[in-house]
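Asks: My questions all concern the structure below.
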Amino acid sequence: MSHKKTQLVSTALELFERVGFRAVGIDRILAEAGVAKMTLYKHFATKDDLVAAALSEKDRGYRSWLTAEVERRAASARDRLLAVFEVLDEELKAPAFAGCIFTRAASEYGEADHPAHVAAAEHKRLIRQYLTTLANDAGAAEPDRLAYQLTTLIDGAMAGKLIEGCNDLCPAVRAAARSLIDTALPRATGS
């Protein structure tokens, strides 16, 4: 990615996270990125394409961060499923947490075929796929089902934290995740 395109995408992403997608105009993005309108249209046909590119960039960075954090904390697939919720706990406690940008994008762009909605749905699918892989590796009889249950907990925790700011939320979500994981996975020998 060229320097100007990278600057444009990172500036747009920062503004979208802080202000919202529809609330930020192209002129503000260009002014804060320090690039000309011609540069924007050289790389993106529309603002919608820029929004989708920013979400794709956020997705890559988020998933890379998440998997690195989970792998750093746990070696087995079962423990990694639990570690996802340790990482989530830290994410939700961060002062800058402003909710899930992908859920916000899907909400602002409700049409299922809108590029932002498509990018948000792809992020959610890839997170669920990661959890499905971990669940499968851990021996779950129904890894897809467990992944859906866990992603529902994750999305609910993010929404609950954003709306209620509840400090007791994460321990409750971790306990629910542990219960689902314990029910879905075979008992370890010697336990």
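Asks: Counting only protein heavy atoms and a 1.4 Å probe, tell me what percentage of the chain's accessible area is made up of carbon and sulfur.
Replies: 52 percent
Asks: I need to check one value: relative contact order of the chain, counting alpha carbon pairs closer than 8 Å and at least 6 residues apart, in percent.
Replies: Computed over the chain, the figure is 21 percent.
Asks: Arrange the peptides 30-36, 49-55 so that the one whose residues have, on average, the most other Cβ atoms within 10 Å appears first.
Replies: For the peptides 30-36, 49-55, the packing ranking is 49-55, 30-36.
Asks: Okay, moving on. Return the ratio Rg/(2.2 N^0.38 Å) for the stretch 71-147, where Rg is computed over Cα atoms only.
Replies: 1.28
Asks: Using only the alpha-carbon atoms, how far is helix 47-73 inclined from the longest principal axis of the chain? Give it as 0 to 90 degrees, nearest 10.
Replies: 30 degrees
Asks: Here is a further query. Counting Lys and Arg as +1 and Asp and Glu as -1, each charge on the Cβ, what is the dipole of the chain about the Cα centre in debye, to the nearest 20?
Replies: Using Cβ point charges on Lys, Arg, Asp and Glu, the chain gives about 320 debye.
Asks: Only Lys, Arg, Asp and Glu count, each charged at its Cβ (+1, +1, -1, -1), so figure out the dipole size of the stretch 110-180 about its Cα centre, rounded to 20 debye.
Replies: 240 debye
Asks: Which residue fluctuates the most in the chain, going by a Gaussian network model with Cα springs under 10 Å, if the choices are Asp79, Asp113, Asp155?
Replies: Ranking Asp79, Asp113, Asp155 by mean-square fluctuation puts Asp113 first.
Asks: Another one. When the helices in the chain are scored as -39500 (n - 2.57) per DSSP H run of 4 or longer and the sum is shared across all residues, what 222 nm value do you end up with, to the nearest 500 deg cm²/dmol?
Replies: Helix-only estimate at 222 nm: -25000 deg cm²/dmol.
Asks: Quick one: grab Rg to one decimal and Dmax as a whole number for the stretch 112-189, Cα atoms only, in Å.
Replies: 14.4, 48
Asks: Most mobile of Ala119, Ala140, Ala75 per a Gaussian network model of the chain (Cα springs, under 10 Å)?
Replies: Ala75
Asks: Sequence neighbours fewer than 8 away in the same chain don't count; with that in mind, list the lysines whose C-alpha is under 20 Å from Lys5.
Replies: By straight Cα distance, Lys5 reaches Lys37, Lys42, Lys47, Lys58.
Asks: Given a 1.4 Å probe and the protein chains all in place, what does the accessible area of Cys166 round to, in Å² to the nearest 10?
Replies: Accessible area, nearest 10 Å²: 50 Å².
Asks: Put +1 on the Cβ of every Lys and Arg and -1 on every Asp and Glu Cβ in the chain; which of Ala83, Ser2, Cys100 then has its Cα farthest towards the positive end of the dipole?
Replies: Checking the options against the dipole of the chain, the answer is Ser2.
Asks: Can you give the angle from 0 to 90° between the axis of helix 3-19 and the longest principal axis of the chain, with both taken from C-alpha atoms, to the nearest 10?
Replies: On a 0 to 90 degree scale, this one is about 70.
Asks: Also, quick follow-up: Restricting to DSSP loop positions (anything but H, G, I, E, B) with no more than 12 other Cβ atoms inside 10 Å of their own Cβ, which GluC sites (Glu not before Pro) remain in the stretch 58-116?
Replies: Here the sparse-neighbourhood loop sites are Glu111.
The values are calculated or read from the model by the stated rules, or taken from the named source; none is laboratory data. As the structure is a prediction and not an experimental result, all values here were calculated from the model. In this analysis, Cβ positions are derived from the backbone assuming ideal geometry, glycine residues included, and neighbour counts consider all displayed protein chains. Please note that ligands, DNA and RNA were not included when accessible areas were found on the heavy atoms of the full protein model with its side chains. Shrake-Rupley method; radii C 1.70, N 1.55, O 1.52, S 1.80 Å.
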